[in-house]
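The values are calculated or read from the model by the stated rules, or taken from the named source; none is laboratory data. Treat the numbers as computed from the prediction; the structure is a model and nothing was measured. Cβ: placed from backbone, ideal geometry, glycine included. Neighbour counts: every protein chain shown.
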Amino acid sequence: MLTKFTIAALAGDGIGPEVMREAIKVLRAIEKKFSLTVQITEAPVGWAGIDAAGKALPDATLAVCKQADAILFGSVGLPDRDPTIPKEERPERAALLRIRKEFGLYANLRPVQLPKALAHACPLRPERQGDGIDILVVRELTGGMYFGQPKKTEDYFHEEPQADEGATVIMKRAQRATDTMVYTTPEIERIAHVAFKAASLRRKKVTSIDKANVLENGVLWRDVVTRVARAYPNVTLEHMFVDNAAMQLVLKPTQFDVLLCENMFGDILSDEAAALAGSLGMLPSASLGKVSGELTFGFYEPAGGTAPDIAGKNLANPIAQILSVALMLRYSFGLNDAASSIEAAVAKAIGSGLRTGDIFSPHDTGAKKVGTREMGDAIAAAI
């Protein structure tokens, strides 16, 4: 357990700076309550990085990250500006994907919980919510389709169909895009261990997602996960095709405990699962890498995006960013009591009826609509 640590705070674009401000406010309250020493170094990333230093992940920002014990991240990308630069230089690729590779962040954990007070915000009928939704999506983050090589778009010639059988063949120029989906045994083994260890501390069930009926890497994924499962006899393993899993998340989400997914499937299913909690603004995530002594280096960010349409208007929900701080305290610094204190403070704010616009409903008796700053103030005050 650490009591003195350094954090790189990369707010990014859109609503990033607003929600980061509230997260830091809450972290300072935790620092005081638990007698911690927290050094926070802020640095630009995304379009903020491009405007400041000409690229989405400036060298100085990367240096700050390398000197930190963990990274607290906001969000990057501005749809209106992204088309103005080559796709390789856009924030999602040049910043996010590079950070994942640079720090070996191979395991993404996204908890999806629906508080009873927000049952009205869930798009599912009450009978499908059961006694509550509590799912942990464990996503492999550095392999699969997003990183496999070759990855390219190239010109080629194809034969143009002719109406007359004897007509001269015409060759026409076209383009062909290639993405490669690759997984190795070690990559699957290490993410599987993360999922089984997490499940052993929860409800002891792992649902492994693949497409083994049509994809070779799906066959390997299923074989390796089955083998790893033998080391965890107290955890039940089931396999499920990704298309069925997408349907089951809507039909009966309460059947899931831990969802183990490869990169692309996890990207899609975690966002679908996020909708069950009523808003992306409620969902934090942790991306974990190498373990060094008592420290697990992690990258912590909200599940949502930059939402430029509401940026600067005190409308964004800061809870996902604040709960990302709780995950950071728990996974990187071993401060479970401090993490629980944040989670309890969030629950208290919600329980008191405070709602940002994304989780507000006029049918929610006793609810009061508040802004980004007011929600952050309430959570910090409850610490």
When the residues of segment 194-213 are narrowed to those that are of a type in the set (A, V, I, L, M, F, W, C) and in contact with a Phe, Trp or Tyr (Cβ under 9 Å, 6 or more places away or on another chain), which ends up surrounded by the fewest Cβ atoms within 10 Å (Cβ to Cβ)?
212
Filter segment 255-306 down to the residues that are over 14 Å from the mean Cα position of the chain (by Cα) and acidic (Asp, Glu), then identify the one that is modelled with the lowest pLDDT.
294
May I ask you to list pairs of residues, at least six apart or on different chains, whose Cβ atoms are under 6 Å apart, with the first in segment 45-60 being at positive phi and the second being assigned to a loop (DSSP other than H, G, I, E, B) and hydrophobic (A, V, I, L, M, F, W, C)?
46/56; 46/76
Residue selected from segment 228-273 under the condition farther than 30 Å from residue 92 by Cα and small (Gly, Ala, Ser), by the criterion surrounded by the fewest Cβ atoms within 10 Å (Cβ to Cβ):
231
Please go through segment 335-367 and pick out each residue that is more than 22 Å from residue 74 (Cα to Cα) and either assigned to a loop (DSSP other than H, G, I, E, B) or basic (Lys, Arg) (or both).
348, 352, 353, 360, 361, 362, 363, 364, 365, 366, 367
I'd like to know if segment 138-153 contains one or more residues that are touching an Asp or Glu at 6+ places or on another chain (Cβ under 7 Å), surrounded by fewer than 19 Cβ atoms within 10 Å (Cβ to Cβ), in contact (Cβ under 8 Å) with a residue 24 or more places away in the chain and of a type in the set (D, E, K, R).
yes
Out of the residues in segment 320-365 that are acidic (Asp, Glu) and either more than 21 Å from residue 15 (Cα to Cα) or touching a Phe, Trp or Tyr at 6+ places or on another chain (Cβ under 7 Å) (or both), state the one that is surrounded by the fewest Cβ atoms within 10 Å (Cβ to Cβ).
337
Take residue 316 and decide whether it is within 27 Å of residue 92 (Cβ to Cβ), surrounded by 24 or more Cβ atoms within 10 Å (Cβ to Cβ) and at pLDDT below 95.
no
Is segment 117-137 home to any residue that is over 21 Å from residue 259 (Cβ atoms), out of contact with any helix residue (DSSP H, G or I) (no Cβ under 8 Å at 6 or more places or on another chain) and surrounded by 20 or more Cβ atoms within 10 Å (Cβ to Cβ)?
no
Got a number for residues in segment 198-251 being modelled with pLDDT under 95, part of a loop (DSSP other than H, G, I, E, B) and more than 22 Å from the chain's Cα centre (by Cα)?
0
Name the residues in segment 354-373 that are free of Cβ contacts under 8 Å to residues at least 24 places away in the same chain and not β-branched (Val, Ile, Thr), would you?
355, 360, 362, 366, 367, 368, 369
